[in-house]
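Worksheet: the structure to be examined is printed underneath.
The values are calculated or read from the model by the stated rules, or taken from the named source; none is laboratory data. Not measured: the values here are computed from a predicted model. Note: ideal-geometry Cβ built from the backbone for every residue, glycine included; neighbour counts use all protein chains shown. Side chains included, ligands, DNA and RNA excluded: accessible areas come from the protein's heavy atoms. Shrake-Rupley method; radii C 1.70, N 1.55, O 1.52, S 1.80 Å.
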Amino acid sequence: MKNEIQTILETSKTIAIVGASKNEKKDSYKVMKYLQHKGYKIFPINPNLSDRKILGETVYDKIGDIQNDIDIVNVFRPSDEVITIAKQAIKKKAKTLWLQLDIISPESKLIVESEGINFIENKCTKIEHKKFLR
């Protein structure tokens, strides 16, 4: 039987990376590169790098600027910024709000789950992908 994380990763095609970095040593860059290599369409989000490119993808200022549907909003920002990101994910009708390792937001969980959005926290998309999908 599949678990929720495996199902999310198998059915998702598009991922917004909030807190994307062009620094190859940063986790957000490494995870973004891995997910892109695994076939996901990546949308980097970083207001400081808006309209530049990371890994060949145009960087967006915020989630709402992306024209495509988003399956996963993958968060690499401090926990205290997550409520704002959660509200943007709801407006964008994302299917999942995913908080990376050490990012916790019980308030965001309540907000997005009340809107029917999946919520994953304190887990790395790259680690989970390797665990279930290789």
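What to note about this one:
A quick yes/no check of all residues on (1) of a type in the set (K, R); (2) modelled with pLDDT of 95 or more:
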residue	(1), (2)
N3	no, no
G19	no, yes
K26	yes, yes
L49	no, no
I66	no, yes
D69	no, yes
I72	no, yes
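- Applying the criterion of at least 1 residues that are free of Cβ contacts under 8 Å to residues at least 12 places away in the same chain and either over 18 Å from K38 (Cα atoms) or hydroxyl-bearing (S, T, Y) (or both) to the helices (runs of 4 or more DSSP H) found wholly in segment 77-134 leaves 82-91, 106-113.
- Some residue of segment 27-36 being outside any helix (DSSP H, G or I), of a type in the set (D, E, K, R) and under 14 Å from the mean Cα position of the chain (by Cα): no
- Residue pairs whose Cβ atoms lie under 8 Å apart, sitting 6 or more positions apart in sequence or on different chains, and linking a residue in segment 1-30 that is surrounded by fewer than 20 Cβ atoms within 10 Å (Cβ to Cβ) to a partner that is of a type in the set (A, V, I, L, M) and in a helix (DSSP H, G or I), are K22/L49.
- Filtered residue count, segment 54-109, keeping only those that are open to solvent by less than 50 Å² (accessible area, probe 1.4 Å) and among the basic types (K, R): 1
- If you check D69, D51 for being in a loop (DSSP other than H, G, I, E, B), under 15 Å from the mean Cα position of the chain (by Cα) and either farther than 27 Å from K130 by Cβ or of a type in the set (D, E) (or both), only one passes: D69.
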